[in-house]
Amino acid sequence: MDAAWEDSGWEPLAPGVGRCRLPRWDATAGLVAGRFGALLFDTGATLREGREVRMRAEAALGRRVTHIALSHPHFDHVLGTAAFAGVQVYGAVGTRALLTRGSRGAEALREDAVRHGVPAVEAADAVAQLVAPHHQVSGELTLDLGGRRVTLVNCGPGHTGHDLALLVPGDRPVVFCGDLVEESGEPQAGPDALPARWPAAVDRLLALGGDDALYVPGHGAVVDAAFVRAQRDVLAASSGVS
C-alpha cells in the first residue's frame, strides 16, 4: 500500500483498502479505492469527525471520496456524512426514513449523541445537516469502483433493524461488519437491537468472508473468523438461539 495511506492514519488491510479508528468511541471508518471511485464505510460521530476522516481520505487517495456506505443508523457511524459533498450514500433498507431531517429518527439520533457525550451544539448541527441514503440496499448490491468491485450486503437485522456490511474480495477478503461485530467490548444491544436474529446476521458475515477473511468490527481491532464465530456463539447463548 502507498505510504500516503499510513502517513494519513489508515491501517492497511489489503492493496487499496484501509481503516482508521476514530477517537472517543473507537469507531471504525473504512476506505476502499478503485481506479476512479473510492468508497468510505461510515463517517464518524460529528461533522468535525467527518471532516477529519475526509481530510485523511483525500490525503491517502489524492482525490475525493465518491461513495459512502453507512453500516447502521447510530450517531457514531453516520453524523459525519454531511462533511462529504457530491457523494452517493448507501444504507440498508429502512435507513432513509430514520436519517431524514426533521424525522423522529433524526431527533432520536440527536438525543443519543448528547446522551453519549457529544456537545449539544455539535449534535444539533450534525442532525440539521443529516444526509439520508440515496440508495437503499435490499439483499446485495455490487459497486464498480474501477478495477475493483465491492459488494454491499444487507446482513441484518441484528445490532439494529438495518445492518449493512461491505465485502471487498481479494486474495484475503476483507469484510467490514459494522456493529454486528465488536472487538473493543461486548456487543452492544440497544433498544433497536433484535437479539434473537443477531446470530443469523453474523452467520451471513461468515458466509461472505469465509475462514480466511479479515473481519473489521464497528469498534476495535481487526479480527479473524474464529473471533467472529466465538462472538456469534456468545450472542446465540445469551438470546437462547442455537
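The values are calculated or read from the model by the stated rules, or taken from the named source; none is laboratory data. Keep in mind that what you see is a predicted model, and the values were worked out from it rather than measured. Neighbour counts are summed over all protein chains in view; Cβ atoms, including those assigned to glycine, are modelled from backbone coordinates with ideal geometry. Each accessible area value is taken on the protein alone, full model and side chains, heavy atoms only, with ligands, DNA and RNA left out. Shrake-Rupley method; radii C 1.70, N 1.55, O 1.52, S 1.80 Å.
Residues SER103, SER184 ordered from highest to lowest accessible area at a 1.4 Å probe: SER184, SER103. The separation of region 52-111 from region 131-195, counted between C-alpha centres, amounts to 14 Å. For the peptides 116-125, 129-138, 35-44, the ranking by packing is 35-44, 129-138, 116-125, with the highest mean count of neighbouring Cβ atoms within 10 Å listed first. The fraction of Cα-Cα pairs per 5 angstrom bin, counted from 0 for the chain, comes to 1, 7, 16, 20, 21, 17, 11, 5, 1, 0 percent, rounded to whole percents. Of all the C-alpha pairs in region 78-143, what % are more than 19 Å from each other? Here the long-distance tail beyond 19 Å is 34 percent of all Cα pairs in region 78-143.
When ranked by the protection proxy of mean other Cβ atoms within 10 Å per residue, highest first, what sequence do the peptides 73-80, 94-101 form? List each step's numbers first, then the result.
On the way: 73-80: 27.4, 94-101: 19.4.
The packing order, highest mean first, is 73-80, 94-101.
Protein heavy-atom accessible surface, 1.4 Å probe, per residue over the chain: 41 Å².
Could you work out the Kirkwood radius for region 1-78, taking every pair of different alpha carbons, averaging 1/r and inverting it, reported in Å? Result for region 1-78 stands at 12.2 Å.
When the accessible area of the chain is computed with all protein chains present and a 1.4 Å probe, what percentage of it is carbon and sulfur? That fraction is 51 percent. When ARG232, ARG24, ARG54 are compared by accessible surface with a 1.4 Å probe, the order from highest to lowest is ARG24, ARG54, ARG232. Normalised by the number of residues in region 133-199, the mean separation of alpha-carbon contacts (under 8 Å, six or more apart) gives a relative contact order of 27 percent. Calculated on the Cα set of region 16-135, radius of gyration then Dmax: 13.3, 41 Å.
Of all beta bridges that DSSP places with both ends in the chain, some 65 percent have antiparallel geometry. Dividing the mean sequence gap of close Cα pairs (under 8 Å, 6+ apart) by how many residues the chain holds gives a relative contact order of 16 percent.
In percent, how large is the relative contact order of region 17-115, given Cα pairs closer than 8 Å and 6 or more residues apart? Could you put the intermediate results ahead of the total?
Numbers: 174 pairs, mean separation 22.6, N = 99.
Relative CO of region 17-115 lands at 23 percent.
Taken over region 113-242, the percentage of Cα pairs per 10 Å bin, counting from 0 up to the bin with the maximum distance, is 12, 38, 33, 16, 1.
Restricting attention to region 107-242, close to 70% of DSSP beta bridges with both partner residues there are antiparallel.
Using alpha carbon centroids, what distance separates region 219-242 and region 23-46, in Å? About 23 Å separates the Cα centre of region 219-242 from the one of region 23-46.
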